[in-house]
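Read through the structure below, which is laid out as structure tokens, and then see the notes.
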Amino acid sequence: MSEWNSGGWSSQSGSGGGNGWGSGSAQSGGQPWGSPAAQNNFGSGTSSWSTQKKPEEPKTEYVFSPSKLIAGFVGGAAGGVTAWYLLDGLRHGNGWTPFAFASAVVLIAVCIAAAIRIAAGVDGSAKHLRKTEPKAHFGRRCIAWILALFLASGLFEWLYELGGTAAVVQPTSYIFALDTSGSMDDGTGDAMQEAAEDVIASLDSGFPFSVYTFSADIQMIAPMHGKTAAEDHPALSLEFTGTTALYGALDRICSDYEAETAAGTWLGGNAPKVLLFSDGVPTDSGILGYSAGAALKRLRENGLTVSTLSVDGADLELMKEIADQTGGVALHIRDTADLRAAMERALIESADRTLFSVRPVMVHGWLYVLMRLIFLMILGAMFAPVIWYAGCLRDDRFRAVLLKIPTGIIGAVFAEIGAQRFGLSEQVIGTGFGVLAGFVLLHAVYIRPEKQQKPQFTGSGWTGGQNTQPDMERREIQDKNAGGGIW
């Protein structure tokens, strides 16, 4: 029999005979209900309760990261600009062009990787990677792929240059464009005339050539024709006066070429080469005159390669631009005694070709088109693992490479059309390629860790004679009185 007293419920049956609900001697010691040390008995069973966190299952979540997107653009643009200066400096320092080109590509990759790595620190993906994969060694893998880029780009450039000048279509005719402005009447004009006469005299019999002069007016003093025996000792009889209508001379050459080609009377073959000599700055440019862009575009459309010779006083940058954008060479002469040798060199040499530069007329030109497209597409795709490791990404590597291929294709097409159709400089093409190499949408995300879950009560071992667990209301009573009064 049980009775109520100030100490709670107590059983009169003692401690040995089957303790039940409210037994004064729980199990054997007579601990009352609500005691801090009580182990609840329900029926004849026992249970223990604990507070645990449910095991976390990290989930991969892609979150747009503006910092990575901006970093790719900025790093690619900065790398493209600085890479051109490196390429130009190494090449003009008699460096091996494949090595110079590979160094330029690596510089683009380093700039992009550095910018993306900084962005990974800003958006938190680098911190998350260090926490979840402290031995991932993403930095080492990024460097390994940059080295792979160096080797691949050097190999591709070497293959693109294979054949050297032998693969360049040899000139089928020469067009001499000689400056006869008043500034040439200081001895330079006489030296130019003598050099031109010597070069014409050295041509094979029947080889086609023509001669234009330009000052304030443009004149064709010798139309396109095969060299005759009488021209073994030519006499040009040039006069020097007036201004420098350089753009007008190039426009006239293009007009005559187009007209004779359309009429079927062109005698200069399919690869004519122009030799432009000047000592001054064009005076026929400006709002109402010609522009360099229009003149160069027309030359490229007609397939006319221009090599330039200049002396002190000429617009050297313009002369170099004309040569670079048409596949010729630009030579600056300091001593007029070297004019003949320089003129002969300018007639037979073509510009160095790189995967970023204008390509002269080549034998099997379609093959070089395919080479540029395929090589630059592969190099563009190889930037994917560089950015993937630099950006501290963890999953979807295959899709990262797959989505990088389109930007590689766009970069390759941009280089081919930009150089051959629009005559863009190596600096512009390199910068554009760098921007495209640094951008792909997948790399503008990071893995955000799942939020911490709130603690929850979970049963960890109920055993009892009956299958019914104690309800949570009784559990609450025990917790509230675990050190206080007794019910």
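What follows is calculated from the coordinates using simple rules that are stated; it is not laboratory data. Quick caveat, the model's predicted, so the values are computed rather than measured. All Cβ positions, glycine included, derive from the backbone under ideal geometry; neighbour counts span all protein chains shown.
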Gain on full stretching of the segment that runs from Lys135 to Ala114 - 0.36 nm per residue minus C-alpha separation: 5.5 nm
Quickly rank 321-334, 250-263, 230-243 as a protection proxy: mean count of other C-beta atoms within 10 Å, highest first. 321-334, 250-263, 230-243
Rounded to the nearest 5, what % of the DSSP beta bridges within the stretch 172-348 are antiparallel ones? 20 percent
Zone of Val413's modelled label, taken as backbone nitrogen in the stretch 365-386 under 20 Å from a point 7 Å along Cα→Cβ: 366-384
FRET efficiency for Ile221 and Gln427, Cβ-Cβ distance as r, R0 = 45 Å, nearest 0.05? 0.75
Would you calculate the separation in nanometres between label points at Ile348 and Phe150, each defined as 7 Å from the Cα along the Cα-to-beta-carbon direction? 3.8 nm
Treating only Lys and Arg (+1) and Asp and Glu (-1) as charged, each at its beta carbon, one finds that the stretch 172-348 has a dipole about its Cα centre, in Debye to the nearest 20, of 640 debye
Packing rank of 67-75, 299-307, where each peptide gets the mean count of other beta carbons within 10 Å, highest leading: 67-75, 299-307
Distance in nm between pseudo-label sites at Asp204 and Ile405 (7 Å out along the Cβ direction from Cα): 4.8 nm
Which of the peptides 409-417, 107-115 is most tightly packed, and how do the rest follow, going by the mean number of other Cβ atoms within 10 Å of each residue? 107-115, 409-417
Label point distance in nm, Asp185-Thr261, each placed 7 Å from Cα along Cα→Cβ: 3.7 nm
Using the Cβ atoms and a cut-off under 12 Å, what net charge is assigned to the surroundings of Gly164, where Lys and Arg are +1 and Asp and Glu are -1? -2
